[in-house]
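What follows is a set of notes on a single structure, which appears directly below.
Any read-out appearing in this document is the output of simple, stated calculations on the displayed coordinates, not a laboratory observation. Note that the coordinates shown come from a computational prediction; the quantities given were computed from them, not determined experimentally. Positions of Cβ are backbone-derived with ideal geometry, glycine not excepted, and every protein chain shown enters the neighbour counts.
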Amino acid sequence: MFSRFPILSTLREPSPRWCLLFLLLLFAVFLSASGFAQGHEDEIIANLAGGRVIIHVAKDVILFAAIDQPVERNSVPPRVMNLDASHIGVLLGASEWRVPADPKPIRIDRDFHRVGANERRTDSAPGEAEPDLDAIGITFLEKLRPLVGQLHHKLDFVPDDPIFQLVIIGYGSAQYGPEVWVAEYRIEQQQIATRGEYWQTRILRPRFTQLYPPEKHAPRTLVEVRYPVDLKGPRLSELIQGNDPRVVQLASREPRFTKVLENLHGGQAQKAAPLDSVDFMRALLPLVANDAPFVMGTMAEQHGFEWIVPPSEPVEKVEEDKNRPREAPSLLRKPPKP
């Protein structure tokens, strides 16, 4: 019965030594095969955060909301985090990673330590950000690089579609004022010919796009970022400009909302009264979210970050930097009382 194994077919009666060697060989082959299969099964998985981020830069305050619109079964919600003393970020796309053998997810918004860069410049080339924002972008790049590098299967993706998006909201220099940027992280793959169906995946440097302030003399209205970009449904600015009945009816019930709506219609959103804008957006969002969960907050240059609608999942407690200014934005603050 051992005729298929030449080393044993020459022996009339296999010795205990050869039997032991044969069993060890079979066991090694089994371990190698099971290890190969497990390596494929345990390949890292990215859980995507899908949805819409809506930003309204009103007078003396920035309002923002993130609507959770899952793109797959294991989607996670868009998450908000501190970036530095004057900016917050909303994370879309591959913001959470999992290894099947480890029940604890790897979250990109945790353990964030930014590489400092305090110099600002007045002119940035297309696709580039000022040094302080570029440093934030590189920090996320360094967190994503080892995770993306563990993807070894051929992925079905459009090369220009980002795997991760960071929406940056806050204030530039005193002369610059409110700003909104989106940093997009793309990937590329290369097949390793000597290893069969083995692909090397790497993440590229982020591409920055400034969304606010707009070009000179351009209308100032709502800013909206979507992930994925082809997410269905009209933008909130389109509903407002198109006089959607829900928006019109809401404004008709509250006279102070009429002025906010006029500012948005006229491309002068930056002149809308802050408190009225907050109440208007708080009342409008449930109508356009279509029962989807959302978070909402404000950020002011002097008073920092405040929750209006906090996330349902607990905000992870982190140690505050002792050198951090008291007025700097903090996600640890309790939401204001209604």
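Arrange the peptides 155-165, 87-97 so that the one whose residues have, on average, the most other Cβ atoms within 10 Å appears first. Don't skip to the answer; put the middle values down first.
On the way: 155-165: 15.2, 87-97: 24.1.
The most tightly packed comes first, giving 87-97, 155-165.
Classify segment 239-299: rounded, prolate or oblate, from the alpha-carbon gyration tensor (a ≥ b ≥ c, eigenvalue square roots; a/c under 1.5 rounded; otherwise prolate if a/b is larger than b/c)? Before the final figure, lay out each step's value.
Values: a/c = 1.64, a/b = 1.17, b/c = 1.41.
Oblate shape, in that a/c is at least 1.5 and b/c is the bigger or equal ratio.
Once you have a ≥ b ≥ c as the square roots of the Cα gyration tensor eigenvalues for segment 44-309, tell me rounded if a/c is under 1.5, and otherwise prolate or oblate according to whether a/b is larger than b/c.
Prolate.
Counting only residues 5 or more places away or on other chains, whose amide H sits under 5 Å from the amide H of G51 once H atoms are built in the peptide plane?
For G51, the qualifying residues are Q69, Y227.
Extending each Cα 7 Å along its Cβ direction at Q189 and A283, get the distance between those two points in nm, one decimal.
The modelled label-to-label distance comes out at 5.0 nm.
Past 32 Å, Cα to Cα: identify those pairs from K59/K143; K232/K259; K104/K154, in the order given.
Details: K59/K143 35 Å; K232/K259 29 Å; K104/K154 25 Å.
Result: K59/K143 exceed 32 Å.
Report the paramagnetic label zone for K59: residues of segment 240-258 whose backbone N is under 15 Å from a point 7 Å from Cα along the Cα-to-Cβ axis.
What the label zone holds, given the 15 Å backbone N cut-off, is 256-258.
Among 217-223, 285-291, how do they line up by average Cβ neighbours within 10 Å per residue, starting with the highest? Walk me through the numbers before you get to the answer.
Numbers: 217-223: 16.4, 285-291: 14.0.
Highest to lowest by the protection proxy: 217-223, 285-291.
Tell me, R79, R226, R253, R235 in order of fewest to most beta-carbon neighbours within 10 Å? Intermediate values should be presented prior to the final figure.
Working: R79 24, R226 19, R253 9, R235 16.
Listing R79, R226, R253, R235 from fewest to most nearby Cβ atoms yields R253, R235, R226, R79.
May I ask which residue of W199, I169, G304 lies farthest towards the positive end of the charge dipole of segment 44-309, with charges of +1 (Lys, Arg) and -1 (Asp, Glu) on Cβ and the Cα centre as origin?
Of the options given, the answer is W199.
What's the FRET efficiency of R145 with K232 using the Cβ-Cβ distance as r and R₀ = 35 Å, to the nearest 0.05?
After rounding to 0.05, the efficiency reads 0.60.
Obtain the nm distance between the two label points defined at K154 and K104 by a simple spin-label model: each point lies 7 Å from its Cα along the Cα-to-C-beta direction.
Taking the simple label geometry, K154 and K104 are separated by 3.7 nm.
How far is it, in nm, from the label point at N74 to the one at D111 when both lie 7 Å from their Cα along the line to the Cβ?
2.0
Could you go through segment 104-109 in sequence order and give the Karplus-derived ³J(HN,Hα) for each residue, using 6.51 cos²θ - 1.76 cosθ + 1.60 with θ = phi - 60°, rounded to whole Hz, and x for Gly and Pro?
3J(HN,Hα) across segment 104-109, in whole Hz: 8, x, 9, 9, 5, 7.
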